[in-house]
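One structure below.
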Amino acid sequence: MIHTYHLLGRYVLLDIASGAVCELDRDAFDLVNTITPPMSDEPRENLTPRQREAWDELYELQEQGLLFAPEMGMPELHSAPLKALCLHISHDCNLRCGYCFAATGDFGTGRRSVMSPQTASDAIDFLLSRCQNRINLEIDFFGGEPLLGWDTVKHTIEYARAKAPEKNFRFTLTTNGLLLNDDISAYVNREIDNVVLSLDGREKVNDALRKTMKGQGSYAHVLPKYKALLTGRDRDYFIRGTYTSKNLDFVKDIEHLSRMGFESLSLEPVVLAEENPLAIKECHLPQLCVQYEQLCEKMLSSERQYSFFHFEVDLEQGPCFHKRVRGCGAGHEYAAVTPEGDVFPCHRFAGMEDYKMGSVSDKTFSPEISDLFRGFDVFSMPDCKSCWAKYYCGGGCVASNLTVNGNLLQSDAVGCALERKRLECAILLKIARFDDRHN
Amino acid sequence: MVAMKHIKVISGAALKKSIREGGCGACQTSCQSACKTSCTVGNQKCENPRQSKKSLPLAK
């Protein structure tokens, strides 16, 4: 399978099975789209001299295994033990965001709660009992708002390191920032590997949906706290926002965040059922695709350097084929733990009793749900089989599929279309920057 | 990079090569959910020490 596209004046060829990426001129681009493989070394009749040259070069690519490479099929997958936990430190939140998938913090359970230090210790023990020989283990402090249980966050880090010094724990904190202060920021910068700071962009955009419990906008509260935290930080971070149908001109929000001095940015489409007025729908796609193209152009021309998470792609040393056929580790490599200690396949399933896998508190675990999720891959997802982007996206998010379609295996078509567009832009940026480095 | 007149090879058969020694599982988990900043596996790093010593990335 190949995928070709023309974007910002460049002609791009992706060979899906081999992973090869080429830039073509117009002759080769027009020609490759008319070829039915396998190619013969003898050029087709009625080609112009330039097309004959292009034929010879395309044939050479084919012979090198870089064009029309055969599909490799499902690899033999080794055991995939648990290696990451999303700890729902709090099922409560001090914001009332209009698009919250967690029902403003309690995940629809009706109970607002904070994880106890004992439950956090139990969760670490649960991970250590299941991680086999994995060295790199991840803990994500999530919520609700995890700073509502700050003592539990600190306890978890200290307990994990003391219990298993031979493991490489990597901690991530995802926060809305309201409770950040100098002491917490200093600890975060010293002890936590990655911090995800939520902010949607322009003040009016952010404040339309990210409101305090009193109905006030949160922008003015958190912006100075983020700037203060990042002043003392030399480790990974993201300023992470959500765009909705209300800010389809979201590139202005990315530019705003860049002007505020932030350099590591992520702005992602909201995932909501179509009937929600904030949902991104199929009718929005043309405008959003133009936005991604504009962002691509701006990043190439802007003097302000920043990274946009969805335009980061590693063409040479990215994940292996095994990883790419099963991108989502939910339910087997990754699980979420609620404040009560219940275990779910991932944070998006928290509170859905049908998907409860066990409890870290009473040390129960039933493998049926884990086995179900382990079976999801790009070959078992019907919409992925014929998609050129499958080895870049890894099959997408089954929780999004459930939200949008009510079915774990039916892909979120709008989300997939946006993913494909982002990938085209990401690869184009790589090509353009490759030229900058080699010319 | 393979230089040709009509084609510029930006990246070779990295995916095909990875099938031989991949699957060690040392890498980060890759949440695909939009509510976490971790979508797509394509932007993740391989953390297999044997793989990472083999070649430097062509493009940044």
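The values are calculated or read from the model by the stated rules, or taken from the named source; none is laboratory data. Predicted model, so just to flag it, every value in this text is computed and none were measured. So basically every Cβ, Gly included, is an ideal-geometry build from the backbone, and we count neighbours across all protein chains shown. When the accessible area is computed, the model is the full protein with side chains, heavy atoms only, and any ligands, DNA or RNA have been set aside. Shrake-Rupley method; radii C 1.70, N 1.55, O 1.52, S 1.80 Å.
Annotations
- Classified by the C-alpha gyration tensor, the range A:220-345 has a rounded form. Its axis ratio a/c, with a ≥ b ≥ c, is below 1.5.
- Relative to the longest principal axis of the Cα atoms of chain A, the long axis of helix A:285-301 makes an angle of roughly 80 degrees.
- The range A:312-335-the range A:350-409 distance, computed between alpha-carbon centres (Å): 14
- Annotation: Cα Rg of the protein assembly as shown relative to the compact-globule expectation 2.2 N^0.38 Å equals 0.99.
- Most fluctuating residue given options A:Gly215, A:Gly144, A:Gly395, as computed from a GNM of chain A linking Cα atoms under 10 Å: A:Gly215
- For chain A, the longest principal axis of the alpha carbon atoms and the long axis of helix A:49-63 meet at an angle near 50°.
- Theoretical FRET efficiency, 1/(1+(r/R0)^6), r = Cβ-Cβ of A:Gln294 and A:Thr48, R0 60 Å, to 0.05: 0.95
- Overall dimensions of the range A:83-238, expressed as equivalent-ellipsoid semi-axes from the Cα gyration tensor (√(5λ), whole Å, largest first), are 28, 19, 12.
- Carbon and sulfur %, accessible surface of the range A:124-189 computed with the full protein complex present, 1.4 Å: 48
- Computed with a 1.4 Å probe over protein heavy atoms only, the accessible surface of the range A:250-356 comes to 37 Å² per residue.
- Heavy-atom accessible area buried between chains A and B is around 5600 Å² (1.4 Å probe, both sides summed).
- In the range A:283-317, comparing the full protein assembly with the chain on its own, the residues that lose 20 Å² or more of accessible surface at a 1.4 Å probe are A:Phe309, A:His310, A:Glu312, A:Asp314, A:Leu315, A:Glu316, A:Gln317.
- Share of Cα-Cα pairs in the range A:315-439 lying beyond 22 Å, as whole percent: 45
- Highest-fluctuation residue, A:Asn133, A:Asn247, A:Asn176 considered, GNM on chain A with Cα pairs under 10 Å: A:Asn133
- Placing unit charges on the Cβ atoms of the charged side chains and taking the dipole of the range A:1-138 about its Cα centre, the candidate lying farthest along the positive direction among A:Ala54, A:His6, A:His78 is A:His78.
- Reduction of at least 30 Å² in accessible surface, 1.4 Å probe, comparing all protein chains with the chain by itself, residues of the range A:125-159: A:Arg134, A:Asn136, A:Glu138
- Rounded to the nearest 20 debye, the dipole size of the protein assembly as shown about its Cα centre is 900 debye, using +1 on the Cβ of Lys and Arg and -1 on the Cβ of Asp and Glu.
- The antiparallel fraction among DSSP beta bridges confined to chain A stands at about 40%.
- Modelled spin labels at A:Glu340 and A:Gln305, positioned 7 Å past Cα toward Cβ, are 5.0 nm from each other.
- Mean separation of Cα contacts under 8 Å, 6 or more apart, over the residue count of the range A:213-366: relative contact order %: 14
- Cα long-axis angle, helix A:219-231 against chain A (0 to 90 degrees, to the nearest 10): 80
- Label-point gap, in nm, between A:Gln287 and A:Asp182 - each point 7 angstrom along Cα→Cβ: 4.5
- Note on A:Asn33 and A:Arg433: the model spin-label points, each 7 Å out from Cα along the C-beta direction, lie 2.8 nm apart.
- Selection from A:Gly215, A:Ser121, A:Ser359, by position along the positive dipole direction of chain A (Cβ): A:Gly215
- Within the range A:201-336, DSSP assigns beta bridges of which about 10% are antiparallel (rounded to the nearest 5).
- Counting only DSSP H runs of at least 4 residues, each contributing -39500 (n - 2.57), and dividing by the residue count of chain A, the helix-based mean residue ellipticity at 222 nm comes to -11000 deg cm²/dmol.
- Computed over protein heavy atoms with a 1.4 Å probe, the carbon and sulfur contribution to the accessible area of the range A:302-365 reaches 44%.
- Under the Debye formula (equal points on every Cα, no solvent term), log10 I(q)/I(0) of the range A:194-248 at q = 0.12, 0.15 Å⁻¹: -0.30, -0.46
- Using a cutoff of 8 angstrom between alpha carbon atoms and counting only pairs six or more residues apart, the relative contact order for the range A:1-133 works out to 19 percent.
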